[in-house]
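Engineer: Below are the structure tokens for one structure; questions will follow.
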Amino acid sequence: MNQVTFPFSAIVEQTQLKTALLLCAVDPSLGGVLIRGDKGTAKSTAARALTDILPMIERVDGCAFNCAPGVPYQHCETCNPVGANSFALLTAARINSHPQPVPFITLPLGATEDRVIGTLDLEQALKGGRRVFKPGLLAAAHRGILYIDEVNLLPDHLVDVLLDAAAMGVNAVQREGLSVSHPARFTLIGTMNLEEGDLRPQLLDRFGLMVEVTAPRDKVLRSEVVRRRIAFEANPTAYAAAWMAEQQTLRHQLATAQLLLPKVTLNDALLDLISHLCCEFEVASLRADIVMHKAARALAALEGRSQVTPEDVRGAAELVLPHRRRRKPFEQPGLDQDQLDELMQQALQPPDEGESGAEDTEQENNQDNGESQSEQQVFAAASAGNIRRIEVDTVASRYASGKRSTAQDAPRGRVVRVVQDHNPSSLAVGATLRSAALRGADDFQVTKSDLHQQIRVGKNANLILFVVDASGSMAAQRRMEAVKGAVLSLLTDAYQQRDEVAVISFRGESAQLMLSPTRSVDLAEQNLRGLPTGGRTPLSHALSLALETLEKTGMPPLLVLLSDGKANVALIDGNDPWQESLRFAGLLAERGVPALVLDTETGYLRLGRARQLAQALGAEYLTLEELSAENLALTVRGCIK
């Protein structure tokens, strides 16, 4: 029995989200929708609800590749049986096909590469010695929807697979003696929470449209959301039936729009407007122009019009450009609505010559000044300059997908060799079958002695724990600006390497975990920009909290301490604050935590406490001045236990 989905037409508000999904239904070549927003904002509900209003497609019964009748994939045994002539094939496909729902395939974050792209059918190989391709999720999603929840957490090796398939519309498999290519054209729908980090730019650009969703702030709307959800959960079938008329109206609207779309025209003036908007918002990818053209036509078709209007172009821009415009590190995606209004007005009513340029320049200067003033509320961050790279010279056994540290026996990554193993966790199918075949027995059987294990080497993400001294000894404005600038530079490196980050600050009488481990370096950046300073220096408390935080993580850690080392608050009354700090530094060193100490002490007379602290930690040591050197790549050595 099919599971009843929440009716698409019953979703409260979320107009832009629903429009984006409907546009992809009208024109699947748009490439899909990325839905960003907080937890519990109907992201998944809307994506799953879309399938119930999509017009059905003709599909051959039992076909694993979702072949269209009369257009079979050459290796599909259902649609293209061996020895069948083209006439018989076409007739059989027509007889055995009927309208079926559009495929909605969920790609789990933990899926193996074999499950996604397909692999050798082991059962067929063992029974008959035949090399038969067993299709994966990409084949199942052909002509349908591929849905990924928390797509920003998708491992890099699966992202690479998706990029290849999305670019070519074909899934090519070259492995285990197989050389197979099959159609894989699908609408990609992904959801994500920005707190868990952003997407790789290449994958981000593959999403035709992007929507930001938030929970309603109006209490009437919120209560209506709850009312509808409770009613649905109480009796899904009855609730869906109550919305049947609205659902049918949407189905009819989509079917009509799909038929109208080829007849929709967009004139050259509006095409010039599309290119103008892309240039003004500094969009590098030409895919933006193409997708805006398609989205504007789909908007017109959805409203039953055969001619695109400027408002259609504007609506398309709001969905196509936010995630594609050129951004500075940590700058959030989005469009300046005032700028978009002005550009649209200029296109429709050209201004007098000479006025616009001066006004634009003045407005930009005012905006820049406003941003600068907002950063002065707390000591601002100095310019980070070039990105400072940290290279961690360790080999870790724990594994989380990333790009920084080497990981042996990784569950994902490059296969470097195969070895005989009676109890493999990752079976090397080809080597196993070859071993069985080499015995030359009449009755082909695989025994334990034939089993082989794949040995993979991948890349780990790290947890980078920033421990930042915000005490009075650090309160000189230039020093704190330099500290924040250094951290922002290292955060950019963490973003590029797909690390998790956490932030501990210490001032006054204690230290606090400002940011728990997260992939969102944007949150770390926001916390650090607003970090207040002043008070005493509870260094030992900070190191104790760092030890406690790192003991809870399952990722290879990297500790980055920014301090002058002038401890003057003990964790336990009566203890010497400096000796207490050295003791906790020793405990961190015993744990084998790779560490970097950035000495923030300035002036002619220096105590050198930060250097001593680095020695106790077994850490690399740098001054802030040294960190500012051009093109610095610091190698931190350690042993992850």
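The values are calculated or read from the model by the stated rules, or taken from the named source; none is laboratory data. Keep in mind the model is a prediction, meaning the values are calculated, not measured. So basically every Cβ, Gly included, is an ideal-geometry build from the backbone, and we count neighbours across all protein chains shown. The area values use the complete protein model at the heavy-atom level, side chains included, leaving out ligands, DNA and RNA. Shrake-Rupley method; radii C 1.70, N 1.55, O 1.52, S 1.80 Å.
Engineer: Among the residues of the stretch 229-236, is there at least one that is in contact (Cβ under 8 Å) with a residue 60 or more places away in the chain, surrounded by 12 or more Cβ atoms within 10 Å (Cβ to Cβ) and more than 30 Å from the chain's Cα centre (by Cα)?
Structural biologist: The answer is yes, given that some residue of the stretch 229-236 is in contact (Cβ under 8 Å) with a residue 60 or more places away in the chain, surrounded by 12 or more Cβ atoms within 10 Å (Cβ to Cβ) and more than 30 Å from the chain's Cα centre (by Cα).
Engineer: Answer yes if at least one residue in the stretch 282-292 is without any contact (Cβ under 8 Å) to a residue 24 or more places away in the chain, under 31 Å from the mean Cα position of the chain (by Cα), assigned to a helix (DSSP H, G or I) and surrounded by 14 or more Cβ atoms within 10 Å (Cβ to Cβ), and no otherwise.
Structural biologist: Residues of the stretch 282-292 without any contact (Cβ under 8 Å) to a residue 24 or more places away in the chain: 286, 289-290.
This time we only want the ones that are under 31 Å from the mean Cα position of the chain (by Cα), so: 286, 289-290.
In the following step, the residues that additionally are assigned to a helix (DSSP H, G or I) were identified as 289-290.
Checking the rest, the ones that are also surrounded by 14 or more Cβ atoms within 10 Å (Cβ to Cβ) come to 289-290.
Yes, the conditions are met somewhere in the stretch 282-292.
Engineer: Of the conditions (1) within 30 Å of the chain's Cα centre (by Cα); (2) buried (at least 17 other Cβ atoms within 10 Å of the Cβ); (3) hydrophobic (A, V, I, L, M, F, W, C), L260 clears all except one; give me its number.
Structural biologist: (1)
Engineer: Something else: Assuming Q615 fulfils every condition listed in (1) crowded, with 16+ Cβ neighbours inside 10 Å; (2) closer than 21 Å to L465 by Cβ apart from one, which condition is it?
Structural biologist: Failing condition for Q615: (1).
Engineer: Looking at the stretch 184-202, can you tell me whether even one residue there is modelled with pLDDT under 95, under 23 Å from L21 (Cα atoms), in contact with an Asp or Glu (Cβ under 6 Å, 6 or more places away or on another chain) and of a type in the set (S, T, N, Q)?
Structural biologist: Checked against the condition, which is being modelled with pLDDT under 95, under 23 Å from L21 (Cα atoms), in contact with an Asp or Glu (Cβ under 6 Å, 6 or more places away or on another chain) and of a type in the set (S, T, N, Q), the stretch 184-202 yields at least one hit.
Engineer: For a quick check of your reading of the model, give me the residue pairs whose first member lies in the stretch 198-220 and is over 23 Å from R287 (Cβ atoms), whose second is open to solvent by 10 Å² or more (accessible area, probe 1.4 Å) and modelled with pLDDT of 90 or more, with beta-carbon atoms closer than 6 Å and at least 6 apart or on different chains.
Structural biologist: That search, which allows pairs on different chains as well, returns P216/R222.
Engineer: It is to be established whether one or more residues within the stretch 588-602 are modelled with pLDDT of 85 or more, within 23 Å of E509 (Cα to Cα) and not in a strand (DSSP E or B).
Structural biologist: Checking the stretch 588-602: at least one residue is modelled with pLDDT of 85 or more, within 23 Å of E509 (Cα to Cα) and not in a strand (DSSP E or B).
Engineer: Can you name every residue in the stretch 265-274 that is part of a helix (DSSP H, G or I) and surrounded by 16 or more Cβ atoms within 10 Å (Cβ to Cβ)?
Structural biologist: Kept after step one, since they are part of a helix (DSSP H, G or I), are these residues of the stretch 265-274: 268-274.
Correct list: L270, L271, L273, I274.
Engineer: Name the single residue that is nearest to G618 (Cα to Cα) among those in the stretch 573-604 being acidic (D, E) and open to solvent by 20 Å² or more (accessible area, probe 1.4 Å).
Structural biologist: If we filter the stretch 573-604 for residues that are acidic (D, E), which is where we start, we get 573, 576, 580, 590, 599, 601.
Subset that is open to solvent by 20 Å² or more (accessible area, probe 1.4 Å): 573, 576, 590.
Details: D573: 27, D576: 21, E590: 9 Å.
Ranking the qualifying residues of the stretch 573-604, first place goes to E590.
Engineer: I've got another one for you. Do any strands (runs of 3 or more DSSP E) lying entirely in the stretch 459-552 carry at least 1 residues that are of a type in the set (D, E, K, R) and modelled with pLDDT of 90 or more, and which ones are they?
Structural biologist: Values: elements: 463-469, 500-507, 510-518.
Of the strands (runs of 3 or more DSSP E) lying wholly inside the stretch 459-552, none has at least 1 residues that are of a type in the set (D, E, K, R) and modelled with pLDDT of 90 or more.
Engineer: Using beta carbons and a limit of 6 Å, which pairs, at least six apart or on different chains, have the first residue in the stretch 518-535 and in contact (Cβ under 8 Å) with a residue 24 or more places away in the chain and the second one open to solvent by 10 Å² or more (accessible area, probe 1.4 Å) and of a type in the set (V, I, T)?
Structural biologist: Listed pairs, sorted by first residue: G530/V378; P532/V378.
Engineer: Give me the helices (runs of 4 or more DSSP H) completely within the stretch 52-138, filtered to those with at least 2 residues that are modelled with pLDDT under 70, ordered by residue number.
Structural biologist: Filter on the stretch 52-138 gives 86-96, 122-128.
Engineer: Starting from the stretch 600-619, take each residue that is closer than 15 Å to R583 by Cβ and list its partners that are acidic (D, E), counting only C-beta distances under 7 angstrom and pairs at least six apart or across chains.
Structural biologist: Filtered contacts from the stretch 600-619: R609/D564.
Engineer: Being open to solvent by 30 Å² or more (accessible area, probe 1.4 Å), acidic (D, E) and under 15 Å from I504 (Cβ atoms), is that true of even one residue in the stretch 534-548?
Structural biologist: yes
Engineer: Return the residue satisfying two criteria in turn: it lies in the stretch 181-214 and is touching a Ser or Thr at 6+ places or on another chain (Cβ under 7 Å) and open to solvent by 30 Å² or more (accessible area, probe 1.4 Å), and of such residues it is nearest to I11 (Cα to Cα). Break it down stepwise before answering.
Structural biologist: As a first pass, look at the stretch 181-214 and keep what is touching a Ser or Thr at 6+ places or on another chain (Cβ under 7 Å): 191, 194-197, 205, 213-214.
This time we only want the ones that are open to solvent by 30 Å² or more (accessible area, probe 1.4 Å), so: 194-196, 214.
Details: L194: 23, E195: 24, E196: 25, T214: 13 Å.
Among them, the one singled out is T214.
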